[in-house]
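A short write-up of the structure that comes next.
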Amino acid sequence: MSEPDFELLLRQAVEAARWAPSSHNCQPWRVTVLPGASENERLLRLSLDQGRRLTALESLDLEMALSVGLFLGLLVTALQRLDLACEWALCDANDPSPDGEILAIVTVRRATAQIFGGADLDSFVDLGRRRRTCRTPFAPDPPSTEALAALSARRWPGTLTGAALEICTETDPKTLESLAKLTARYAALDFTHLRAWSETYRHLRFGEPGDEDVTDGIFIDSLLGPLTPFKRQLLRFALAPLVMQALRPFGVPSRMADALAGLVAAGPGLLCCSLPEERPRRQDLLQAGARLAEIWLNAQAAGLALHPVSVLLQHEAPRRELQRLLCLSGRPVFVARFGLTLPNPSISPRRAVDAILHIT
């Protein structure tokens, strides 16, 4: 039996990795395949696609590196399960190419790989595809002690996920109430910052969920639950950036912020991840992203879902208060509600493999 075609194996790996979460589901990654030193080797150049990155806030630069790190974690793990040996080199910032800013070079060889994580490829791909960002209330029951322990379990190699990311899980109702008040005070910034909301609005999709022509962004039904076509079109108008500015005197952004705060207060928990440096290096952010991919799949396997509350990190004032409330010594780079998953059939759209993978 002949060996599988190298290109087919790489496509299978990207198929698994393309389900990585990213800010606004912008999917800011691009993989360029280059010849290696032999027929049995390829170089994968992983870049931050300049046309897909978010730029409205300075803090989003950090989120973009984390997003690419999430993709990298899934990509390397999938390659290992395809019996391909991998080595990866993480690049410094501002390393440009025609494809965008190069963040990592992965060397892939046909060789027996050390498989980590304890799952075959099909199970791994299935777990990634079933992962959801749950923006609705969680089940009222608190997660078990076993589920909480599984959340932060380490199964992937430290050379991929690093050791810098510190993980904090908070389930105390009083602390969650304080965090909810912090969310209520600042979450309106999501809607009132004109440039940031304009960028968010460009990633909202008002069509029928599951539309195969939609390849990125977030379906409005995923945010607000099932909607009729009329309500989707009404929201397309009501949420438009200039309309949101006009609605500020009527308190609409504040009421939307209160809705998010209510979800935080309802718990049952909040996950916060931080890095020791105030200005993390690109390499640390990529490894932190890979570690987040591991954590997110751990959560999925344990029946838990995550919902990032990114507004607490995107502006300095709430970020500083979050650090104080949770007594964090480093800079928080990811914060999310977590809880037991309720039935949630919604799915975020994804770009096709051919839109991500470019073979020279």
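The values are calculated or read from the model by the stated rules, or taken from the named source; none is laboratory data. From a predicted model like this one, the values you see are computed outputs, not experimental measurements. Quick reminder, even Gly has a Cβ in these numbers, built from the backbone with ideal geometry, and neighbours come from all protein chains shown. Only protein heavy atoms, including side chains, enter the accessible area calculation; ligands, DNA and RNA are left aside. Shrake-Rupley method; radii C 1.70, N 1.55, O 1.52, S 1.80 Å.
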Inset, instruction - Would you tell me the accessible area of S123, worked out with a 1.4 angstrom probe on the heavy atoms of the protein chains, in Å² to the nearest 10? - result: 60 Å²
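Report the local net charge at D61: Lys and Arg +1, Asp and Glu -1, summed over other residues whose C-beta lies under 12 Å from its C-beta.
On the way: positive: R53, R279, R282; negative: E58, E63, E101.
Local charge sum for D61: 0.
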Inset, instruction - Could you please put R81, R248, R279 in sequence from largest to smallest accessible area, using a 1.4 Å probe? - result: R279, R248, R81
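Ordering M244, M256 by how much accessible area each has at a 1.4 Å probe, largest first, what is the list? Walk me through the numbers on the way to the answer.
On the way: M244 0, M256 60 Å².
These residues rank, largest area first, as M256, M244.
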Legend entry - Choice from G289, G51, G330 with maximal GNM fluctuation in the chain (Cα, 10 Å cutoff): G51
Inset, instruction - Would you mind computing Rg(Cα) / (2.2 N^0.38 Å) for the chain, counting N as its residues? - result: 0.98
Legend entry - Long-range amide H partners of E101 with built H, under 5 Å: L48, Q50
Legend entry - log10 of Debye I(q)/I(0), alpha-carbon scatterers only, for the stretch 1-74 at 0.15, 0.16, 0.24 Å⁻¹: -0.57, -0.63, -1.08
Inset, instruction - Would you please state the base-10 log of I(q)/I(0) at q = 0.32 1/Å for the stretch 310-360, with intensities from the Debye formula using one equal scatterer on every alpha carbon? - result: -1.24
Inset, instruction - For K181, K174, write out the residues from largest to smallest accessible area, computed with a 1.4 angstrom probe and no ligands counted. - result: K174, K181
Inset, instruction - Over the alpha-carbon set of the stretch 97-224, divide Rg by the Kirkwood Rh and report the Rg/Rh ratio to two decimals. - result: 1.00
Inset, instruction - Over the chain, with every protein chain in place, what whole percent of the accessible area is carbon and sulfur at 1.4 Å, could you tell me? - result: 54 percent
Inset, instruction - Please give the per residue accessible area of the chain, computed with a probe of 1.4 Å over protein heavy atoms only, in Å². - result: 44 Å²
